[in-house]
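Asker: Take a look at this one; I'll ask things after.
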Amino acid sequence: MLEVRGLRKSYGRKKNVLNDVSFTVPLNQLTCLIGLNGEGKSTILKAIMGLVPVDAGTIKVDGKTIHDSIAFVPDLSTMPGYMSVGEAIAYMRDYYPDWNQQVAEELMGFFKLMATDRIANLSKGNKAKVNLLIGFAMNRPYLLLDEPLAGIDLFTKEQIAWIFSSHYMEGKGILMTTHEIAEVEHLIDRVIFLQNGTIIQEDDSEEMRELYGKSVQDRMREVYQT
Amino acid sequence: MKKFFMLSNEEIKRSFKLYLSILTMLVIVELTSVVYQVLHYQSKLEDLMKKERLTEMEAVDQLNGPLTFGDATNYFKYMIAIGIMFTILYAFQIWYRDWYGESKYIYRLLMLPGKRITILLSKLTTVLVFVCGFMGIQWITILISRRLYEWLLPEHLQAASKIIGESAALNMLYTFNVIDTFVILALALFVITMVFLFVLTERSYQKGKALLTIAKDVALLIVPFIALRYLFDLTSMLIPNQQVFVYLSFILIYFIYISWKCVRLLNHKVSI
């Protein structure tokens, strides 16, 4: 289990971005971190990966302080533009001993990506596909996805949503941030609402629907409008 | 070690075309400047002989003597200054392109397995490899320039001189001496590490705090230096050689401090 405990982050004395954020991400579940822009969702993911320093808090995987069990898929292209898709995969394979080349090749075929295509020439949707491919092929038990559905076309969204319900998710704990809740509502197992850097609600999505008689998206609307 | 070599190779590959273009441009300008200086001197000489009806020796005297190799390579100091400027700019760019470039490669770098110091070392090595390349090309260019000078200018119009004039610092580059080369590379290492410290400080703190931290680190270099100089001027407790030893020791301690700080910032403070 990925455990985040007492995460605090502030910029200067005035702006608190994260206030004592604690939650867990279990294996075999898709946990969705929901909040409006600027609530600190991406900061939490970056903090888990050690990409932003935090003022306090611990991040543990099965009780150990390690990042080696987590893969992070940001919402922007992270491979140099001059590389081709094939070179980007080869680059990652060289650095990650657990790299799963079979998953990489399968997803390249599924997403219809060409090994010779240069990253710089790819559309936003195809860049998102390359990011996702890398995230899954890293073969780590926990996967953090930052806005994987943002700014991409309908068919790409459907392809990515299919991945979330496929065998590639088996044995993985996913923490995802997204504004496109309607697209993935049926796949979400747990929901965390974040407001002003504080967790205001954390629930099983099915229980939430039963308790409030609303979809996750409608519940979100209600929470953030009041 | 494997990660270091792979990252260094990637960094060199990323900038090699740009580096080669700049290097080629500098060499072309340098060689052209030698040809221009020699031809210009000869043309002035001919003009003087025609207009003033002087003999060649009188005209040479009027032009303050024969054209020295130092005069012929007069533009080299500007080219070297441009080379140094490009090196410093590159030391900034090698980091900032990863943050602000089209792809945010810094995410990938910071998440790579293993220690982050490897990222720092690979970038440092890349800039130093380019500095070594620049020095090597300068050596080759000066040898070619010498041949050009001797080939284009009649022997009696040539004069012996230091390689590129009187600048001791610039002449150090062309001594082909191991110690001088080592001193230049050590100086380059120091300057590049300083630039890296500025970048990593700027990427670690908010604007005001970053500026204050940079100012403090610069003051930590300058103030003790001035104090030592003042102390040595006031007292005569150390002979010049001992003074140089004290200065070098101070620079070494400061270099260890900035290197440690770069690693600390990269490990615990930088954010994206």
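The values are calculated or read from the model by the stated rules, or taken from the named source; none is laboratory data. Every value quoted in this text rests on a predicted model; they were computed, and no experiment measured them. Cβ atoms come from the backbone with ideal geometry, glycine included; neighbour counts cover every protein chain shown.
Asker: Any idea how many residues of the range A:164-190 are closer than 29 Å to A:Y96 by Cα and free of Cβ contacts under 8 Å to residues at least 40 places away in the same chain?
Answerer: 3
Asker: Whether any residue in the range A:27-49 is acidic (D, E) and away from chain B (no Cβ under 14 Å) is what I want to check. If you could, list the steps in order and put the result at the bottom.
Answerer: Here is the first cut: in the range A:27-49, the ones acidic (D, E) are A:39.
Applying the additional criterion that residues be away from chain B (no Cβ under 14 Å) yields A:39.
Yes, the range A:27-49 has at least one match.
Asker: Further question on the same structure: Out of B:K261, B:K269, I need the residue that is within 14 Å of chain A (Cβ to nearest Cβ) and surrounded by 11 or more Cβ atoms within 10 Å (Cβ to Cβ). Which one? Walk me through it before giving the result.
Answerer: On the way: B:K261 fails: within 14 Å of chain A (Cβ to nearest Cβ).
Just a single option satisfies the conditions, and that option is B:K269.
Asker: Here's another thing I want to ask about it. Hey, can you tell me all the residues within the range B:214-258 that are at pLDDT below 90, surrounded by 10 or more Cβ atoms within 10 Å (Cβ to Cβ) and either under 30 Å from B:K115 (Cα atoms) or hydroxyl-bearing (S, T, Y) (or both)?
Answerer: B:Y230
Asker: Out of everything in the range B:84-108 that is in contact (Cβ under 8 Å) with a residue 12 or more places away in the chain, surrounded by 20 or more Cβ atoms within 10 Å (Cβ to Cβ) and touching a Leu at 6+ places or on another chain (Cβ under 8 Å), what residue ends up being nearest to the other protein chains (Cβ to nearest Cβ)?
Answerer: B:Y107
Asker: Out of the residues in the range A:69-81 meeting the condition of being at the interface with chain B (Cβ under 7 Å from one of its Cβ atoms) and in a loop (DSSP other than H, G, I, E, B), tell me which one is nearest to B:Y107 (Cα to Cα). Steps first, please.
Answerer: Narrowing the range A:69-81 to residues at the interface with chain B (Cβ under 7 Å from one of its Cβ atoms): A:72, A:74, A:76-81.
Keeping just the survivors that are in a loop (DSSP other than H, G, I, E, B) gives A:74, A:76-81.
Details: A:P74: 8, A:L76: 10, A:S77: 9, A:T78: 6, A:M79: 9, A:P80: 11, A:G81: 14 Å.
The selected residue is A:T78.
Asker: Only one of (1) within 30 Å of B:I106 (Cα to Cα); (2) in contact (Cβ under 8 Å) with a residue 12 or more places away in the chain; (3) in a helix (DSSP H, G or I); (4) of a type outside the set (D, E) is not met by B:F225, so which one is it?
Answerer: Result: B:F225 passes all but (1).
Asker: Since A:D98 meets every condition but one in (1) farther than 26 Å from B:Y205 by Cα; (2) under 16 Å from the mean Cα position of the chain (by Cα); (3) assigned to a loop (DSSP other than H, G, I, E, B); (4) not basic (K, R), which condition does it not meet?
Answerer: (2)
Asker: Here's a follow-up. Just checking, which of B:F176, B:F86, B:F130 is in a loop (DSSP other than H, G, I, E, B), farther than 25 Å from A:I119 by Cα and not acidic (D, E)?
Answerer: On the way: B:F86 fails: in a loop (DSSP other than H, G, I, E, B); B:F130 fails: in a loop (DSSP other than H, G, I, E, B).
Step by step, each of B:F176, B:F86, B:F130 is checked, and only B:F176 is in a loop (DSSP other than H, G, I, E, B), farther than 25 Å from A:I119 by Cα and not acidic (D, E).
Asker: Residues of the range A:110-158 being outside any strand (DSSP E or B), touching a residue at least 12 places away in the same chain (Cβ under 8 Å) and among the basic types (K, R), which ones?
Answerer: Those that are outside any strand (DSSP E or B), touching a residue at least 12 places away in the same chain (Cβ under 8 Å) and among the basic types (K, R): A:K124, A:K127, A:K129, A:R140, A:K157.
Asker: Hey, any hits in the range A:192-208 for a residue that's outside any loop (DSSP other than H, G, I, E, B), modelled with pLDDT of 90 or more, aromatic (F, W, Y) and over 23 Å from A:M83 (Cβ atoms)?
Answerer: Yes.
Asker: Moving on to the next point. Which condition from (1) more than 22 Å from A:L30 (Cα to Cα); (2) away from every other protein chain (no Cβ under 14 Å); (3) aliphatic (A, V, I, L, M) is the one that A:M92 breaks?
Answerer: Result: A:M92 fails condition (2) only.
Asker: Then there is this: Taking the range A:4-22, which residues are surrounded by fewer than 15 Cβ atoms within 10 Å (Cβ to Cβ) and not polar (S, T, N, Q)?
Answerer: Scanning the range A:4-22 gives A:R5, A:G6, A:Y11, A:G12, A:R13, A:K14, A:K15, A:D20.
Asker: Kindly provide the set of residues from the range A:58-68 that are within 14 Å of chain B (Cβ to nearest Cβ) and over 19 Å from B:R116 (Cβ atoms), ordered by number.
Answerer: Those that are within 14 Å of chain B (Cβ to nearest Cβ) and over 19 Å from B:R116 (Cβ atoms): none in the range A:58-68.
Asker: Among B:R116, B:R53, B:R97, which is the only one that is among the basic types (K, R) and over 30 Å from B:F190 (Cα atoms)? I'd like the intermediate steps shown before the answer.
Answerer: Numbers: B:R116 fails: over 30 Å from B:F190 (Cα atoms); B:R97 fails: over 30 Å from B:F190 (Cα atoms).
Step by step, each of B:R116, B:R53, B:R97 is checked, and only B:R53 is among the basic types (K, R) and over 30 Å from B:F190 (Cα atoms).
Yes/no matrix, rows are residues, columns are (1) at pLDDT 90 or above; (2) among the polar types (S, T, N, Q); (3) more than 16 Å from the chain's Cα centre (by Cα):
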site	(1), (2), (3)
B:I28	yes, no, yes
B:L63	no, no, yes
B:F69	no, no, yes
B:F76	no, no, no
B:A81	yes, no, no
B:W99	yes, no, yes
B:E102	no, no, yes
